[in-house]
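*Asks:* Got a structure for you, written out below as structure tokens; questions coming shortly.
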Amino acid sequence: MTSEYFFLPRADVEGSSAVLRGAEYHHLARVLRVRPGGRVWLFDEDGRRYRAEAAAVREKEEEIDLSILEVLPPRGVRTRIILAPALLKTGAMDEVILKACELGASRISPVESERSVARSGDHSRRKVERWTRLARAAAKQSRAARVPLIDAPASLADFLASGRDGRRIFLCEHGGMSLKSLRGGEEAPPAEATVLVGPEGGWSAREEEAIRAAEFEAVSLGETILRAETAALAALAVLAHEWNW
């Protein structure tokens, strides 16, 4: 049995059978050269894990028929953490997507701010497709609990107007409670928490006012000035440790 994990869309599972297609077919059939009878581990977008056996490798159709031997339920998390980073340059944004998946973010909701260098423009769909591929690759490598849902970039105004359940915090360079003290007297972790992180240069005064009006709590990472991608991942790591690890 290969030690690698492969992504299997839930839609391609039917009862005790499944079909592996696309890039995952290519890797398993062409690179690892699996043959009928070969065993493999797979996971879907909801975090279910499957132990399966290759029933047939159909090279013409570029598909592998699988017989599912065992299904393991998703690993549970106490708090669904939604990371909402301001749009960053491509390399930095890719890093946030990859590492946020490894750290257990349940959802990533990019936000376009006044000081964002990158803009969503007319390519939002292509960007989401790319980020989703990166998240799947990170989930495969780290065997994460699930692949985070990735939203299309939204303006800060639209993001705030969409409403958010659970705990709502934003990283603020002008001070706020420390992440260490965030839990306070909570008896149990929240079911959901949203973490809003600004761009290089921080939020504008108008944006910070709007965020506070939407009842997001200000949180500080201390006096050290961190890059936007570092701040996002540092906050996510601390919250995941406090609430889910």
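The values are calculated or read from the model by the stated rules, or taken from the named source; none is laboratory data. As the structure is a computational prediction, the values presented were derived from the model and not from experiment. Cβ placement follows ideal geometry from the backbone for every residue including glycine, while neighbour counts extend to all protein chains displayed.
*Asks:* Residue under question is residue 86, and the condition is that it be surrounded by 19 or more Cβ atoms within 10 Å (Cβ to Cβ), within 17 Å of the chain's Cα centre (by Cα) and free of Cβ contacts under 8 Å to residues at least 40 places away in the same chain; does it hold?
*Replies:* In short, no.
*Asks:* Can I ask one more? Hey, does segment 105-116 have a residue that's assigned by TED's automatic domain parsing to the domain that holds residue 195, assigned to a helix (DSSP H, G or I), at pLDDT below 90 and not β-branched (Val, Ile, Thr)?
*Replies:* no
*Asks:* Follow-up question, since we're still on this one. State which residue is modelled with the lowest pLDDT when the search covers only segment 202-225 and only residues that are within 22 Å of residue 99 (Cα to Cα) and either among the small types (Gly, Ala, Ser) or buried (at least 16 other Cβ atoms within 10 Å of the Cβ) (or both).
*Replies:* Residue satisfying both the conditions and the ranking: 222.
*Asks:* Shifting gears a bit: Do you know which of the residues in segment 64-101 that are touching a strand residue (DSSP E or B) at 6+ places or on another chain (Cβ under 6 Å) and of a type in the set (D, E, K, R) is farthest from residue 242 (Cα to Cα)?
*Replies:* Going through the qualifying residues, I end up with 65.
*Asks:* Sticking with this one: When you scan segment 73-81, do you find a residue that is touching a Leu at 6+ places or on another chain (Cβ under 8 Å) and either in contact (Cβ under 8 Å) with a residue 40 or more places away in the chain or not β-branched (Val, Ile, Thr) (or both), even just one?
*Replies:* yes
*Asks:* Mind checking which residues of segment 218-243 are under 17 Å from residue 86 (Cα atoms) and not in a loop (DSSP other than H, G, I, E, B)?
*Replies:* 218, 219, 220, 228, 229, 230, 231, 232, 233, 234, 235, 236, listed by residue number.
*Asks:* Which members of segment 71-103 meet the condition of being touching a Pro at 6+ places or on another chain (Cβ under 9 Å) and at pLDDT below 90?
*Replies:* Hit for segment 71-103 is 78, nothing else.
*Asks:* Also: Within the bounds of segment 3-11, is there any residue that is aliphatic (A, V, I, L, M), over 22 Å from residue 73 (Cβ atoms), in contact (Cβ under 8 Å) with a residue 12 or more places away in the chain and out of contact with any Pro (no Cβ under 9 Å at 6 or more places or on another chain)?
*Replies:* no
*Asks:* Can you tell me which residues in segment 125-175 are part of a loop (DSSP other than H, G, I, E, B) and either buried (at least 18 other Cβ atoms within 10 Å of the Cβ) or at pLDDT 85 or above (or both)?
*Replies:* Passing the criteria: 144, 145, 146, 147, 148, 151, 152, 153, 162, 164, 166, 172.
*Asks:* Return the residue satisfying two criteria in turn: it lies in segment 176-207 and is in contact with a Lys or Arg (Cβ under 6 Å, 6 or more places away or on another chain) and not in a loop (DSSP other than H, G, I, E, B), and of such residues it is farthest from residue 236 (Cα to Cα).
*Replies:* The residue in question is 192.
A quick yes/no check of all residues on (1) of a type in the set (A, V, I, L, M, F, W, C); (2) in contact with a helix residue (DSSP H, G or I) (Cβ under 7 Å, 6 or more places away or on another chain); (3) closer than 30 Å to residue 117 by Cα:
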{"residue": "23", "(1), (2), (3)": "yes, no, no"}
{"residue": "46", "(1), (2), (3)": "no, yes, no"}
{"residue": "70", "(1), (2), (3)": "no, no, no"}
{"residue": "104", "(1), (2), (3)": "no, yes, yes"}
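*Asks:* Residue check: is residue 184 farther than 30 Å from residue 49 by Cβ, at pLDDT below 90 and surrounded by fewer than 15 Cβ atoms within 10 Å (Cβ to Cβ)?
*Replies:* So residue 184 fits the description; yes.
*Asks:* For segment 49-65, check the following and say yes or no: at least one residue is under 24 Å from the mean Cα position of the chain (by Cα) and in contact (Cβ under 8 Å) with a residue 60 or more places away in the chain.
*Replies:* no
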